[in-house]
Amino acid sequence: MSSPLRVAVVGVGHLGRHHVRLLAGLPDVSLVAAVDLVPERAAAGVAAGAAESLTDVGALAGRVDAVTIAVPTADHLNVARPFLERGVHVLVEKPMTATLAEADEMIALAEASGAVLAVGHTERFNPAIAAAMPIVSSPRFIEVHRLSGFPERSLDIDVVFDVMIHDLDIILALERSEVIAVDAIGVPVLTSRFDIANARLRFASGCIANITASRISRDKVRKVRFFQRDMYVSVDYQTQELEVWRLRPQPGDRPAIEGGKIDVAHGEPLGLELADFVSAVRERRQPRVSGRDGRRALALATRVAEMIGMSTSGTSGT
């Protein structure tokens with residue numbers, strides 16, 4: 001593909017406006033339009049770099065090679081469907097759909113038309129996580145804390161699908177064995193949905209993951225720690241810092257602990273994600289986070305949410 005890639009952003013809210021800003025700055029990308037049902041938001045997209053503001057997504061027909069979709073989760077499939085049917089490449093924000101059946105349909109549409117389908121699990125592109133992933137080979141215990149203040153967005157979904165799903169995707173990318181048990185609890189505090197949740201996952205390999213996610217916390221904390229034999233790896237998503245500590249045997253003496261911070265080239269994860277999507281389209285390859293990756297994270301998030309529902313109702317299971 002020698003000509004600029006024609007791209008549009010559908011949904012110019014809290015996250016979509018950053019899609020516009022970053023896509024407008026990518027080389028060999030022509031940002032055709034910003035589309036939003038609210039005219040003022042679509043117009044703001046033009047101010048951020050889009051060529052045109054639209055309120056009707058149907059007006060993009062025949063005018064774009066790819067779109068990014070940042071509308072409410074319940075609308076993801078309906079918005080993506082006509083593009084995928086025409087072979088237009090799609091990046092859809094997480095969670096990819098509201099249900100697993102919708103995710104299956106979205107994947108099938110992309111595979112039938114040959115369109116690239118990417119899912120916006122932005123933390124996979126966090127430079128600190130990207131640097132840690134080759135180091136973490138066989139984790140035995142994973143501890144995650146993702147805490148933030150109350151948002152004015154994504155209130156159509158609970159904290160598992162809004163916040164925890166980021167870490168579920170990271171864990172699934174590192175631990176490929178089957179999840180054999182899930183225990184979870186959640187509490188609705190400021191909304192009718194769960195605003196804070198904890199999940200404990202057991203994998204067939206024996207690995208245990210303990211994940212706490214909150215969108216009602218005073219302090220912002222976004223950290224994950226991996227423990228494996230003779231090694232401890234700590235990632236701060238927010239500061240993009242990586243620490244690695246190793247146990248070094250010393251004949252005739254106690255093992256030595258060596259390590260510290262690893263240099264990480266900082267970058268904006270969303271920008272790296274969008275660049276990967278554009279590259280995947282041009283090279284006709286799978287994006288770093290494919291539709292099937294997005295479905296796998298959605299399936300585990302659904303399982304966690306179901307377990308929270310069971311614990312709330314007084315039943316139990318795995």
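Checking the structure you have, find out if any residue of the range 140-151 is of a type outside the set (D, E, K, R), within 21 Å of residue 203 (Cα to Cα) and not in a strand (DSSP E or B). Lay out the reasoning, then the answer.
At the first step, the residues of the range 140-151 found to be of a type outside the set (D, E, K, R) are 141-142, 144-145, 147-151.
Now restrict to residues that are within 21 Å of residue 203 (Cα to Cα): 141-142, 144-145.
Next, from what is left, pick out any that are not in a strand (DSSP E or B): none.
No; the residues of the range 140-151 include none that is of a type outside the set (D, E, K, R), within 21 Å of residue 203 (Cα to Cα) and not in a strand (DSSP E or B).
Test of understanding: among 180, 135, 170, which residue is of a type outside the set (D, E, K, R) and in contact with a helix residue (DSSP H, G or I) (Cβ under 8 Å, 6 or more places away or on another chain)? Step through it out loud before you land on a result.
On the way: 180 fails: in contact with a helix residue (DSSP H, G or I) (Cβ under 8 Å, 6 or more places away or on another chain); 135 fails: in contact with a helix residue (DSSP H, G or I) (Cβ under 8 Å, 6 or more places away or on another chain).
Just one listed residue meets the conditions, 170.
Only one of these is in the same structural domain as residue 188 (by TED's automatic domain parsing) and surrounded by 17 or more Cβ atoms within 10 Å (Cβ to Cβ): 95, 139. Name it. Spell out the reasoning first.
Numbers: 95 fails: in the same structural domain as residue 188 (by TED's automatic domain parsing).
After applying the criteria, what remains is 139.
Take the residues in the range 227-270 that are touching a strand residue (DSSP E or B) at 6+ places or on another chain (Cβ under 7 Å) and not in a strand (DSSP E or B); name whichever of them is modelled with the lowest pLDDT.
From the range 227-270, those touching a strand residue (DSSP E or B) at 6+ places or on another chain (Cβ under 7 Å) are 227, 230-238, 241-250, 255-262, 264; that's our starting set.
Now restrict to residues that are not in a strand (DSSP E or B): 230, 237-238, 264.
Numbers: 230: 90, 237: 97, 238: 95, 264: 97.
Filtering first and then ranking leaves 230.
Can you tell me which condition residue 100 does not meet? The list is (1) surrounded by fewer than 22 Cβ atoms within 10 Å (Cβ to Cβ); (2) without any contact (Cβ under 8 Å) to a residue 40 or more places away in the chain, and all the others hold.
(2)
Out of the residues in the range 242-269 that are within 30 Å of residue 26 (Cβ to Cβ) and over 19 Å from the mean Cα position of the chain (by Cα), which is surrounded by the fewest Cβ atoms within 10 Å (Cβ to Cβ)? Steps first, answer last, please.
Of the range 242-269, the ones within 30 Å of residue 26 (Cβ to Cβ) are 242, 262-269.
Keeping just the survivors that are over 19 Å from the mean Cα position of the chain (by Cα) gives 242, 262-265.
On the way: 242: 22, 262: 15, 263: 7, 264: 18, 265: 9.
By that ranking, first place goes to 263.
I need the full set of residues from the range 1-34 which are charged (D, E, K, R) and within 20 Å of residue 72 (Cβ to Cβ), in order please.
Step one: filter the range 1-34 for residues charged (D, E, K, R), giving 6, 17, 21, 28.
Residue satisfying the conditions is 17 alone.
Would you check if residue 122 is within 30 Å of residue 246 (Cα to Cα) and in contact (Cβ under 8 Å) with a residue 40 or more places away in the chain? Let's see the steps before the verdict.
On the way: within 30 Å of residue 246 (Cα to Cα): yes; in contact (Cβ under 8 Å) with a residue 40 or more places away in the chain: yes.
Spelling it out, residue 122 is indeed within 30 Å of residue 246 (Cα to Cα) and in contact (Cβ under 8 Å) with a residue 40 or more places away in the chain.
For the range 203-230, how many residues are aliphatic (A, V, I, L, M) and either over 25 Å from residue 177 (Cα atoms) or surrounded by fewer than 18 Cβ atoms within 10 Å (Cβ to Cβ) (or both)? If you could, list the steps in order and put the result at the bottom.
Step one: of the range 203-230, the residues aliphatic (A, V, I, L, M) are 204, 208-209, 211, 213, 216, 221, 224.
Still in the list and also either over 25 Å from residue 177 (Cα atoms) or surrounded by fewer than 18 Cβ atoms within 10 Å (Cβ to Cβ) (or both): 204, 208, 216, 221.
Total satisfying the criteria: 4.
Among 112, 132, 173, which is buried (at least 20 other Cβ atoms within 10 Å of the Cβ), of a type outside the set (Val, Ile, Thr) and either within 20 Å of the chain's Cα centre (by Cα) or over 27 Å from residue 20 (Cβ atoms) (or both)? Working first, answer last.
Details: 112 fails: buried (at least 20 other Cβ atoms within 10 Å of the Cβ); 173 fails: buried (at least 20 other Cβ atoms within 10 Å of the Cβ).
Answer to the selection: 132.
For residue 49, only one of the following conditions fails: (1) surrounded by 22 or more Cβ atoms within 10 Å (Cβ to Cβ); (2) touching a strand residue (DSSP E or B) at 6+ places or on another chain (Cβ under 8 Å); (3) farther than 22 Å from residue 113 by Cβ. What is its number?
Unmet for residue 49, out of (1) surrounded by 22 or more Cβ atoms within 10 Å (Cβ to Cβ); (2) touching a strand residue (DSSP E or B) at 6+ places or on another chain (Cβ under 8 Å); (3) farther than 22 Å from residue 113 by Cβ: (1).
Which of (1) more than 24 Å from residue 310 (Cα to Cα); (2) out of contact with any helix residue (DSSP H, G or I) (no Cβ under 7 Å at 6 or more places or on another chain); (3) acidic (Asp, Glu) is the odd one out, the single condition residue 162 does not satisfy?
The failed condition is (1).
Residue 212: of a type outside the set (Gly, Ala, Ser) and not in a strand (DSSP E or B), yes or no? I'd like the intermediate steps shown before the answer.
Numbers: of a type outside the set (Gly, Ala, Ser): yes; not in a strand (DSSP E or B): no.
When the stated conditions are applied, residue 212 does not pass them.
Against the conditions (1) free of Cβ contacts under 8 Å to residues at least 24 places away in the same chain; (2) under 19 Å from residue 285 (Cβ atoms), where does residue 78 fall short? Just the number, please.
Failing condition for residue 78: (2).
Do we have residue 141 as more than 19 Å from the chain's Cα centre (by Cα) and of a type in the set (Phe, Trp, Tyr) here? Walk me through how you get there before you give the answer.
On the way: more than 19 Å from the chain's Cα centre (by Cα): yes; of a type in the set (Phe, Trp, Tyr): yes.
Spelling it out, residue 141 is indeed more than 19 Å from the chain's Cα centre (by Cα) and of a type in the set (Phe, Trp, Tyr).
The values are calculated or read from the model by the stated rules, or taken from the named source; none is laboratory data. Being a predicted model, the structure only gives us computed values, none of them experimental. Note that each Cβ is placed from the backbone with ideal geometry, even for glycine, and that neighbours are counted across all protein chains shown.
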